[in-house]
Each structure stands twice: as C-alpha cells, then as structure tokens.
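**Q** Take this structure, written in structure tokens, and hold onto it; I'll ask about it next.
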Amino acid sequence: MPAVIRHEGIFDHEALYKATKDFADAYSYKYTEKDFTKRHSPDGGEYKIKFTLKKNVDDYTRYTLEIEIWVWKGVEIIIEENGKQVKRTKGAVDIIVDPKYEKDYEKMFGPTRWPQFAKKFAERYFWKKRLDEVEDKMMMEIADLKKRYKEVLGYPT
C-alpha cells in the first residue's frame with residue numbers, strides 16, 4: 001500500500017532529491033531515475049520525478065520502491081537562511097512511496113503446478129519466519145525514508 005506525504009509551503013526540492021539518493025546509498029539500493037517532467041504554468045511550475053529503488057536482499061527476496069515526487073504551484077523564491085540567501089520552492093508537494101516485496105524474483109521455481117506447490121509449501125512452513133523478518137526490515141527502511149522526507153519538509157519527528 002503506497003504511503004503519501006503531503007506538504008504545502010516552502011521547501012527545498014533539491015534536498016528531497018538528495019534525501020532519496022542518500023537513503024538509497026545508506027541501504028544499498030540500486031537507484032534509477034525513471035522519469036522527470038517539468039511544466040510551466042501561470043500559477044507556478046509543476047514537475048514530477050519518478051525513482052525506482054531496488055535491493056536484492058538474498059537469492060530469493062527483493063525490495064522495490066517506486067517513488068514519485070510531484071510538485072505543483074511551485075514557484076522558486078529566495079529566502080534568507082542562517083544569514084545566507086538560498087533558493088527554495090514555495091508550493092505543494094506530494095511524495096508517494098509504493099513498496100513492493102518480491103519473493104522468488106529469479107524464478108527458481110518453475111511455472112507448473114508441482115514447483116509452485118513446493119514454493120508455497122516452503123514459504124508457509126520452512127521459510128515463514130525468515131520471510132516475515134525480511135518484510136519487517138523493509139517496513140523499517142520505509143519508515144526511515146519517510147522520516148528523512150519529513151525532516152526535509154520541516155515536520156517534527
């Protein structure tokens with residue numbers, strides 16, 4: 001289920017981009033920028049950045065995070081911060097984090113009935129505890145990513 005963080009006000013959109021990259025580096029995700037679109041309009045600009053972060057946990061499980069940062073009514077402004085003039089964006093932003101937890105991503109079990117039965121049996125009875133731990137770890141990593149975004153946006157953590 002996707003997590004959504006919404007903010008309206010002044011923020012540093014470059015820091016949001018950097019927070020994504022830093023998170024990927026910290027947790028050893030393969031980082032790919034899928035799409036970047038930018039449009040200008042009279043009430044401010046709009047842009048979307050889409051990222052895909054992938055991490056192979058082991059030979060059987062993989063995390064995939066689809067992240068979209070959507071800014072609208074974004075106007076670049078200059079403010080004074082710590083005695084320096086800095087560029088910021090005034091507008092609204094939605095950050096959508098859509099996690100996916102893949103099992104058997106290398107398709108070790110074949111598509112026929114017997115291998116699929118063996119896969120489900122092994123997942124349910126032999127690997128259940130390990131798979132649950134791996135999924136819990138992913139949820140903790142997503143919580144850290146959301147915390148990083150909220151810090152950039154100025155939310156209390």
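**Q** Using only Cα atoms and rounding to the nearest 10 degrees, what angle (0 to 90) does helix 13-26 make with the longest principal axis of the chain?
**A** Value to nearest ten degrees: 30.
**Q** Another question about this same structure. Pairs on different chains or at least eight residues apart, Cα atoms closer than 26 Å: how many lysine pairs in region 45-88 fit?
**A** Summing the qualifying lysine pairs gives 6.
**Q** OK, next. Mean residue ellipticity at 222 nm from the helices of the chain, using -39,500 (n - 2.57) per DSSP H segment of n ≥ 4 over the full residue count, to the nearest 500 deg cm²/dmol?
**A** Details: 3 runs with 49 residues, N = 157.
For the chain, the value works out to -10500 deg cm²/dmol.
**Q** Restricting to Cα pairs below 8 Å that are 6+ residues apart, what does the relative contact order work out to for region 3-153? Please round to a whole percent.
**A** 26
The numbers here are math on the coordinates, done by the rules we state, and not lab data. A quick note: this is a predicted structure, and the numbers were derived from the prediction, not measured.
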